[in-house]
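What follows is a single structure, written as structure tokens, with notes after it.
The values are calculated or read from the model by the stated rules, or taken from the named source; none is laboratory data. This one's a predicted model, so the numbers in the text were calculated from it and none came from an experiment. Here the Cβ is made from the backbone with ideal geometry for all residues, glycine too, and neighbour counts use every protein chain on show. With ligands, DNA and RNA removed, areas are computed over all heavy atoms of the protein, side chains included. Shrake-Rupley method; radii C 1.70, N 1.55, O 1.52, S 1.80 Å.
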Amino acid sequence: VMLVDEHGFIDCNKATLAMFGCATKEAFCSMHPADISPPVQPDGGDSRALADRNNATAMENGRHFFEWVCKRTDNGNTFITNVLLNRMELDGKAVLQATVRDITARKAADIERRRNEERLRQLVEHTPAAIALFDRELRYVAVSRRFALDYKIDPDAIIGRAHYDVF
């Protein structure tokens, strides 16, 4: 958790220092959000301009939630975060409270899960057995070619549909 004004950081907690590999609060508070970011975000936008725009959006709307790539100050390693900015008043001045969560592991797990799902779909679709995969609501996720042939069903017509709607 950190506090930000129009010039940059004005306060932070110990978890912030650990997350960003910064030795002291004073060193951290001498920086702008772009200083703990790579020069360019994944969408190709300049980190400084985007950080300023995100801060302005939060000031205008009262809050703003977004994904952001950050950079450690000690080794330059980048990591993916969720950022929640909330406008608040401190000593009569509008500031932002930033809550930043490292989601790098979750993003990697999501990518791996999608890869595994695709591998399983490919396996099912190309196996010589009649196989159907369902989700928790008993909707078709994938069917093998043999299943489609045996039941004379177009796989594209049933994927996403509930089993009881098909049979």
- Length gain on complete extension for the stretch Asp52 to Asp110, per 0.36 nm per residue less the alpha carbon to alpha carbon distance? 17.9 nm
- Item | Folded to 0 to 90 degrees: helix 47-61 orientation relative to the chain principal axis, Cα | 90
- Query: If the cut-off is 25 Å between C-alpha atoms, which lysines fall inside it for Lys107, apart from same-chain ones fewer than 8 positions away?
  - Reply: Lys14, Lys71
- Item | Accessible surface of the chain, 1.4 Å probe, proportion on carbon and sulfur as whole % | 53
- Task: Please give the length that would be gained between Leu120 and Asp91 if that part of the chain were fully extended, namely 0.36 nm times their separation in residues minus their C-alpha to C-alpha distance (nm, one decimal).
- Result: 4.7 nm
- Query: According to a simple spin-label model (label point 7 Å from Cα along Cα-to-Cβ), what is the distance in nm between Asp11 and Arg72?
  - Reply: 2.8
- Task: For every helix of n ≥ 4 consecutive DSSP H residues, a contribution of -39,500 (n - 2.57) applies; sum these over the chain, divide by its total residues, and give [θ] at 222 nm rounded to the nearest 500 deg cm²/dmol.
- Result: -11000 deg cm²/dmol
- Pairing the Cα long axis of helix 104-126 with the longest principal axis of the chain, what angle in degrees results, from 0 to 90 and rounded to the nearest 10? 10
- Message: What does the extension gain come out to for Phe65 and Asp150, with contour length at 0.36 nm per residue minus their alpha carbon separation?
- Response: 25.7 nm
- Determine the distance separating the Cα centre of region 95-167 from the Cα centre of region 1-79; give it in Å without decimals. 37
- Task: Springs between alpha-carbon atoms under 10 Å, Gaussian network over the chain: tell me which of Phe134, Phe66, Phe20 tops the mean-square fluctuations.
- Result: Phe134
- Item | From the C-alpha gyration tensor of region 67-114, square roots of 5λ in Å | 29, 15, 5
- Distance cut-off 22 Å, percentage of C-alpha pairs in the chain lying past it: 57
- Item | Percentage relative contact order, region 20-162, counting C-alpha pairs under 8 Å, at least six apart | 14
- Note on the structure: Here, region 63-154 modelled as identical Cα point scatterers in vacuum has Debye log10 I(q)/I(0) at q = 0.12, 0.19 Å⁻¹ of -0.64, -0.92
